[in-house]
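First the structure, in the form of structure tokens, and then the observations on it.
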Amino acid sequence: MSTINLGSIEKIPIGQGICFNVDGAEIAVFRQRDGKLFATQNRCPHKQGPLSEGVAGGGKVICPLHAHKFDLATGAGSEPHECVKTYAVCEQDGSIHLSL
Amino acid sequence: MNNPKPKLVVIGNGMAGARVVEEILKRARGQFDIVMFGAEPYGNYNRILLSNVLNGSQQAADIFMNPLAWYSENGIKLHAGVKATRIDRERKVVIGTPLKKEAPAYAVDAAAMPEAAVIEETYDHVIIATGSRPFVPPMEGFGGAGTFLFRTIDDCDQIAEYAKTCKKAAVIGGGLLGLEAARGLMTHGVEVTVLEAAPQLMIAQLDAEAGQMLRGTIEGMGIAVMCEKITTKIVRVDGRIARLDFKDGSTLATDMVVISAGIRPIAEIAGASGLSVNKGIVCDDQMRTSDRHIFAVGECVEHRGRIYGLVDPIWEQANVLADVLTGLNPKAEYLGSKLGTKLKVMGVELASMGETKPSLPDDEVVIYREPSRGVYKKLIVRENKIAGAILLGEIDTAGVLMQMFMADTVVSARRADLLFGTATGAPVLSVFDLPDHAQICNCNGVSKGAIKEAIQIGKCHSVSKVGGCTKAGLGCGSCKSLVAQLIEAYAGEVTEDPSEHYYVPGVPLEKSQLVAEIKRLGLKSVSAVFRELGGGKEDPGSKVGLASLLKTLWPGEYEDERDARFINDRVHANIQKDGTFSVVPRIYGGVTTPDELRRIADVAVKYNVPMVKFTGGQRLDLLGVKKDDLPKMWKDLGIPSGHAYTKGFRTCKSCVGTDFCRYGVGDSIALAQKIERRFQGVESPHKMKLATAGCPRNCSEAYVKDLGAVAIEGGLWEIYIGGAAGGSVRKGDLLCTVKTHDEVLTLMGRFMQYYREHGKYLERTYHFVERFGIETLRKIIVEDSEGIATRLDAGIQQAVDAYKDPWKEAELPAYPAQFSAPELAHALAVAENNG
């Protein structure tokens with residue numbers, strides 16, 4: 001397992017997510033209004049919608065294409081048989097640290 | 001485990017096979033080790049919806065009932081794409097071979113790959129659910145390019161693909177499926193002829209008169225119908241189908257042929273295994289074949305001399321078999337099914353049950369005809385019970401008739417009640433009188449007993465809660481009134497589920513209450529609303545709706561939190577299926593200039609835009625744009641945003657009006673441009689599409705817009721509201737007639753403001769206008785019955801004044817990451833840096 005410093009937390013607009021391309025893998029990192037950080041695979045398992053562009057909050061994100069919902073902490077989806085990969089992420093000294 | 005579980009092998013993975021397995025799992029999960037053979041390489045799907053795949057209203061992926069994951073989750077071993085060919089009853093093994101990829105699952109020769117390894121599964125019990133195959137009447141030339149059956153997902157795809165190359169198509173078979181196939185083909189733009197061997201359409205469900213009436217209606221829709229036509233030969237010229245020859249010597253020119261002439265049971269495996277086979281696999285009342293370890297279910301079965309090709313009997317058989325096999329009720333018996341169907345054939349409503357003609361001397365026949373409306377109703381009553389009924393064109397009483405027919409209920413002495421309902425409106429049949437096993441929801445097979453249990457034990461006292469618990473009412477929805485009656489019967493009264501009326505799901509208030517609370521507490525941001533009214537809990541599904549409302553309530557003062565916006569409104573462009581965006585510049589009234597067009601073309605070239613397309617709203621759409629190119633393109637264009645992405649004012653189309661048109665009686669172009677300049681950027685509960693027409697010929701489709709203005713002789717303008725021509729089609733209601741462009745602008749603005757204040761989130765104007773009624777709206781908007789016109793006018797003026805071209809954010813993004821592409825990061829490099 002490795003940890004990556006993705007740079008300043010301020011890159012992520014408050015309440016939204018942005019996408020990082022980590023060695024070819026798209027990972028969405030979300031910064032909630034309450035300060036919590038979450039990271040998931042960026043692509044929705046349904047039709048590959050970019051989850052980083054989705055509306056997020058309350059520990060969930062809604063895919064912008066067809067509104068499938070995912071729990072940011074567990075990766076569980078609203079539709080049967082759909083889930084996303086999640087990653088551990090935290091803030092240290094104002095920087096985003098992602099564990100792979 | 002020392003005692004292995006008994007092993008159940010199911011041959012066939014269609015609706016019957018999958019259903020019986022579901023029923024077994026429901027009764028005794030884990031009782032059997034289950035293995036399934038499925039000749040199609042998919043999970044199982046709802047064959048009833050296939051015609052929707054053909055006509056394009058559903059995707060193939062949407063009709064799967066159990067995706068492949070379902071099998072593994074339930075511990076079922078599925079041999080997908082493997083055809084079981086024989087049961088060795090001595091060794092008690094089922095033998096299967098993989099199918100060739102291109103062979104249809106129902107092909108007679110099984111087309112197994114010779115080199116493929118044979119698969120063997122031992123068994124304690126076998127269920128054969130091989131279903132049926134389409135019947136092809138004997139004719140020369142069937143097979144090869146241009147000839148199709150209508151049975152599987154692959155058939156649908158191929159028919160649709162081939163139809164693109166054809167002008168004419170013939171459908172052989174005038175039954176239910178044949179007509180569905182004809183409807184599907186019509187959507188692909190071919191001329192369709194339906195050919196039926198019998199003297200009438202749908203001979204299994206209709207009598208001659210109803211068949212004739214249906215024929216008239218269908219011909220009126222542009223589908224040709226020929227009865228008593230037996231095809232003897234498909235004639236090809238230069239390899240392509242040219243015509244059909246009929247037995248009576250006549251011919252028909254056609255480019256393709258689809259056959260839908262009924263089904264025949266697939267029984268080869270039973271025959272090859274020495275089981276008793278007649279027309280189908282012969283079964284007793286417990287669905288047992290001539291071998292006591294082997295059962296059969298579905299369309300491959302012959303029970304008491306009958307073969308069933310509909311879904312309800314299959315469900316009944318599956319229930320009995322599951323009861324017997326699991327030992328829940330070893331004496332369960334299937335005694336045959338009563339058949340009734342309720343359906344829509346090309347928009348014609350139709351219900352048919354039981355017999356279509358009287359057969360005993362004392363049978364009483366009641367008939368009502370109304371040819372001008374295409375209505376026909378027929379009832380056959382035997383010993384005071386319904387022996388058969390046909391309802392065509394008007395089927396209000398079909399639900400109760402079906403219930404009474406299925407349950408053998410003694411019917412009212414006034415037969416007219418059965419066809420038209422009672423004069424007093426009292427129910428013809430009390431659901432209270434039905435036995436518990438009576439099926440209420442015919443789509444999902446939910447019995448009265450199951451609904452009663454949900455009401456009494458599950459405490460479901462609203463129609464939506466009963467639906468959530470039992471699935472009743474979630475299919476076509478026609479049984480919802482019966483569900484409501486049952487709730488009344490067993491719980492006293494139907495409770496409305498209050499959450500159905502919340503403005504957004506995350507804040508438990510209706511719109512009027514929510515507005516009052518927001519104003520009282522002075523809440524100006526979405527996060528403030530969650531904090532004060534949502535129990536401190538953020539709900540992403542509510543953010544966008546709240547943002548829309550707050551922006552209307554606090555023009556100029558609203559605290560715009562960008563995370564509460566949908567992606568389209570964050571980047572002022574419409575997200576596409578591949579994550580790219582579309583750019584639609586504002587073109588006022590659909591009138592542009594050579595200079596503007598040149599700039600659009602230059603931008604399209606510079607940024608490698610993969611598609612440039614005219615929109616339905618008379619503008620140009622640049623599709624397939626990368627997010628980080630958006631601001632650069634806007635700067636180069638120098639044209640404001642067309643707001644083709646937002647819930648709000650979209651566009652105002654126009655016809656050429658008086659400028660050039662010979663017929664125009666009003667200046668529709670100038671009016672459209674004034675409307676578009678005034679209302680651009682105004683947000684609302686849902687999108688608003690507008691148009692102006694220079695005369696009632698309506699070339700710009702103003703009658704079917706959210707708001708439309710139509711010029712009429714005498715220098716007048718009619719204003720229409722609540723029109724639609726998308727997923728719903730509705731002609732707008734005439735609000736009023738005025739003299740000047742300015743009056744049109746005022747009244748349109750006033751209506752928009754009222755809609756902004758009172759519309760539910762995502763409620764289009766056509767629902768809004770129907771909900772309030774045009775008379776009510778005319779009083780408020782035109783006659784000012786509530787004295788709020790001045791306030792409404794001021795409200796919309798504030799929204800107009802607050803207009804800013806969002807594409808100006810190209811110069812100064814609202815936040816740094818607004819238009820950024822994914823940021824590159826490298827795991828190794830940074831991990832090393834971290835030591």
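Inspection of region B:536-550 finds a residue satisfying the criterion of being without any contact (Cβ under 8 Å) to a residue 60 or more places away in the chain, on the phi > 0 side of the Ramachandran plot, surrounded by fewer than 22 Cβ atoms within 10 Å (Cβ to Cβ) and within 14 Å of chain A (Cβ to nearest Cβ).
The residues of region A:33-51 that are surrounded by 20 or more Cβ atoms within 10 Å (Cβ to Cβ), at the interface with chain B (Cβ under 8 Å from one of its Cβ atoms) and among the polar types (S, T, N, Q) amount to a single one, A:ASN42.
Any chance region A:76-90 includes a residue that's crowded, with 23+ Cβ neighbours inside 10 Å and more than 10 Å from chain B (Cβ to nearest Cβ)?
no
Only residues that are aliphatic (A, V, I, L, M) and on the phi > 0 side of the Ramachandran plot were counted in region A:42-100, giving 1. Within region B:572-602, being open to solvent by 40 Å² or more (accessible area, probe 1.4 Å), within 14 Å of another protein chain (Cβ to nearest Cβ) and farther than 26 Å from B:ALA691 by Cβ holds for B:LYS577, B:ASP578.
Part of a loop (DSSP other than H, G, I, E, B), free of Cβ contacts under 8 Å to residues at least 24 places away in the same chain, out of contact with any Cys (no Cβ under 7 Å at 6 or more places or on another chain) and not assigned by TED's automatic domain parsing to the domain that holds B:GLN317, is that true of B:ASP396? Here the answer is no, as B:ASP396 does not meet what is asked. Restricting attention to region B:803-818, the residues that are more than 14 Å from chain A (Cβ to nearest Cβ), open to solvent by 60 Å² or more (accessible area, probe 1.4 Å) and assigned to a loop (DSSP other than H, G, I, E, B) total 4. Scanning region B:170-180 for residues that are part of a helix (DSSP H, G or I) and modelled with pLDDT of 85 or more yields B:GLY178, B:LEU179. Against the test of being within 14 Å of chain A (Cβ to nearest Cβ), open to solvent by 20 Å² or more (accessible area, probe 1.4 Å) and not in a helix (DSSP H, G or I), the options B:ASP560, B:ASP569 yield a single qualifying residue, B:ASP560. Among the residues of region B:679-699, those that are touching a Lys or Arg at 6+ places or on another chain (Cβ under 8 Å) and not in a loop (DSSP other than H, G, I, E, B) comprise B:GLU683, B:MET688, B:LYS689, B:LEU690, B:ALA691, B:THR692. Within the bounds of region B:513-524, is there any residue that is open to solvent by 10 Å² or more (accessible area, probe 1.4 Å), under 13 Å from B:ALA564 (Cα atoms) and more than 10 Å from chain A (Cβ to nearest Cβ)? The answer is yes; a qualifying residue exists. Of the residues making up region B:600-619, those that are in contact with a helix residue (DSSP H, G or I) (Cβ under 6 Å, 6 or more places away or on another chain) and outside any loop (DSSP other than H, G, I, E, B) are B:VAL603, B:VAL612. In region B:725-762, the residue that is nearest to B:SER542 (Cα to Cα) out of those that are in a helix (DSSP H, G or I) and among the aromatic types (Phe, Trp, Tyr) is B:TYR755. Counting only strands (runs of 3 or more DSSP E) that fall entirely inside region B:268-317 and contain at least 1 residues that are acidic (Asp, Glu), the qualifying elements are B:301-303. For region B:649-666, the set of residues classified as over 17 Å from B:GLY590 (Cβ atoms) and surrounded by 23 or more Cβ atoms within 10 Å (Cβ to Cβ) is empty.
Pairs linking a residue in region B:758-786 that is within 20 Å of B:THR737 (Cα to Cα) to a residue that is among the aromatic types (Phe, Trp, Tyr), with Cβ atoms under 8 Å and 6 or more positions apart or on different chains, are B:THR765/B:TYR755; B:LEU777/B:PHE751; B:LEU777/B:TYR754; B:ILE780/B:TYR754; B:ILE781/B:PHE751; B:ILE781/B:TYR754. Is it the case that B:PRO813 is under 30 Å from B:VAL583 (Cβ atoms) and touching a Cys at 6+ places or on another chain (Cβ under 9 Å)? For B:PRO813, the condition - under 30 Å from B:VAL583 (Cβ atoms) and touching a Cys at 6+ places or on another chain (Cβ under 9 Å) - is not met. Exactly one residue out of B:GLU538, B:GLU496 is outside any helix (DSSP H, G or I), farther than 30 Å from B:GLU453 by Cα and acidic (Asp, Glu): that is B:GLU538. Filtering region B:368-383 to residues that are without any contact (Cβ under 8 Å) to a residue 40 or more places away in the chain and of a type in the set (A, V, I, L, M, F, W, C) leaves B:VAL375, B:ILE380, B:VAL381.
Give region A:22-32 a look and list any residue that's facing chain B (nearest Cβ under 8 Å), open to solvent by less than 20 Å² (accessible area, probe 1.4 Å) and free of Cβ contacts under 8 Å to residues at least 60 places away in the same chain, or say none.
If the condition is that a residue be facing chain B (nearest Cβ under 8 Å), open to solvent by less than 20 Å² (accessible area, probe 1.4 Å) and free of Cβ contacts under 8 Å to residues at least 60 places away in the same chain, then A:GLN32 is the only one that fits.
Using the structure shown, decide if B:LEU244 is at pLDDT 95 or above and over 25 Å from B:PHE32 (Cβ atoms). Taking the combined requirement at face value, the residue satisfies it. Taking first residues from region A:6-21 that are more than 7 Å from chain B (Cβ to nearest Cβ) and farther than 26 Å from B:ASP539 by Cβ and partners that are assigned to a strand (DSSP E or B) and open to solvent by 10 Å² or more (accessible area, probe 1.4 Å), the Cβ contacts under 9 Å between residues at least 6 apart in sequence or on separate chains come to A:GLY7/A:SER95; A:GLY7/B:GLU823; A:GLY7/B:ALA825; A:SER8/A:SER95.
Quick grid of which residues meet (1) more than 30 Å from B:ASP628 (Cα to Cα); (2) open to solvent by 30 Å² or more (accessible area, probe 1.4 Å); (3) within 14 Å of chain A (Cβ to nearest Cβ); (4) at pLDDT 90 or above:
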{"site": "B:TYR755", "(1), (2), (3), (4)": "yes, no, no, yes"}
{"site": "B:LEU762", "(1), (2), (3), (4)": "no, yes, yes, no"}
{"site": "B:GLU786", "(1), (2), (3), (4)": "yes, yes, no, yes"}
{"site": "B:ASP793", "(1), (2), (3), (4)": "yes, yes, no, yes"}
{"site": "B:ALA799", "(1), (2), (3), (4)": "no, no, no, yes"}
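Being away from chain A (no Cβ under 14 Å), surrounded by fewer than 18 Cβ atoms within 10 Å (Cβ to Cβ) and modelled with pLDDT of 85 or more is a description that does not apply to B:VAL108.
Note down all Cβ pairs under 7 Å where the first residue falls in region B:74-88 and is assigned by TED's automatic domain parsing to the domain that holds B:GLU22 and more than 23 Å from B:ALA272 (Cα to Cα), the second is at pLDDT 90 or above and not in a loop (DSSP other than H, G, I, E, B), and they're at least six residues apart or on different chains. Correct list of pairs: B:ASN74/B:LEU25; B:ILE76/B:VAL21; B:ILE76/B:ILE34; B:ILE76/B:MET36; B:LYS77/B:VAL35.
The values are calculated or read from the model by the stated rules, or taken from the named source; none is laboratory data. Everything numeric in this text was worked out from a predicted model, so none of it was measured. When we count neighbours, we look across all protein chains shown, and the Cβ atoms used for this are built from the backbone with ideal geometry, even at glycine. Areas reflect the complete protein model, heavy atoms only, side chains present, ligands, DNA and RNA absent. Shrake-Rupley method; radii C 1.70, N 1.55, O 1.52, S 1.80 Å.
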